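Computed from the coordinates by the stated procedures, all read-outs in this text should not be read as laboratory data. This is a predicted model, so every value here is computed, not measured. Here the Cβ positions follow ideal geometry from the backbone for every residue, glycine too, while neighbour counts run over all protein chains shown.
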Amino acid sequence: MWAGLRADLRLYRALRWPRGGGWPLRVFLWLGSPGLLVLAVQRLGHSYLVRRERHGWTPQTLIMRLLMAIGPRLLVLISKSDVASLAAFEPGVFVSDDGYLILGPRQVGSGTLIHGRVTIGVTAGGTLGPAIGRNVWIGSDSVIYGDIALGDGVTVLPGSVLSMNVSAGSVVAGNPAIIVRKNFDNSALRRSLSQDTAAAGLP
């Protein structure tokens, strides 16, 4: 859990202050970033579920359970977001400070950026949410749902509604979303918090 949070913090710092910064910036991020709170609560919940399954009820799992009674409520109050503890988030993920997130994927790969007002979850009556690869960029106001997989480096343009598998390096847009470009390198988008897709050569 802690290794994941440290990697998340490094990514947040790189996006906010590319020139770097010392411990005051790290403290500022921890105290002032609702997105980091979302990830902290998610990682705590996931760690609790894994630990309880492996070791049963121990003093550590009891303490984690008490924290989990508070964490999700704080999350809703502060960031207006809800995130599933069952999801497996790799280290080094960015979740927007803008909030209004409902996140229930199976997994999220490292290097992925999720902007504000995004919903990721299951279909009605379904049990499995999307599996999101590494270095995926998800624009604001997007909805991604169902037992689907997004390959590494996928770009989901803002406002997309996606319910199909997407191969690595593809760009999707629209409602319903379709593939509008293949073999796209989204690294420039993932190096900043800007959602100016036109500057990256996208529609």
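Structural remarks
- Residue among Gly35, Pro24, Ile179 farthest towards the positive dipole end of the chain, charges placed on Cβ: Pro24
- Net charge over other residues, Cβ less than 11 angstrom from the Cβ of Val172 (K, R count +1; D, E count -1): +2
- Around Leu128: net Lys/Arg minus Asp/Glu count, Cβ-Cβ under 12 Å: 0
- About the Cα centre, charge dipole magnitude for segment 36-146 (Lys/Arg +1, Asp/Glu -1 at Cβ), debye: 360
- Farthest toward positive dipole pole in segment 49-203 [+1 Lys/Arg, -1 Asp/Glu at C-beta], among Met164, Thr123, Gly201: Thr123
- The residues neighbouring Thr58, those whose beta-carbon lies less than 11 Å from its own, together hold a net charge of +4 under the Lys/Arg +1, Asp/Glu -1 convention.
- Cα long-axis angle, helix 34-55 against the chain (0 to 90 degrees, to the nearest 10): 60
- Taking the longest Cα principal axis of the chain as reference, the axis of helix 23-32 is set at about 90 degrees.
- Using 0.36 nm per residue and subtracting the Cα-Cα separation, the extra length available between Arg73 and Ala168 on full extension is 30.6 nm.
- Using alpha-carbon coordinates, inclination of helix 59-79 to the longest axis of the chain, degrees: 50
- Cα centre as origin, Lys/Arg/Asp/Glu Cβ charges: the chain dipole, Debye: 580
- Gap separating the Cα centres of segment 168-203 and segment 104-165, nearest whole Å: 14
- Averaging the sequence gap over all C-alpha pairs within less than 8 Å and six or more residues apart, then dividing by the number of residues, gives segment 2-186 a relative contact order of 13 percent.
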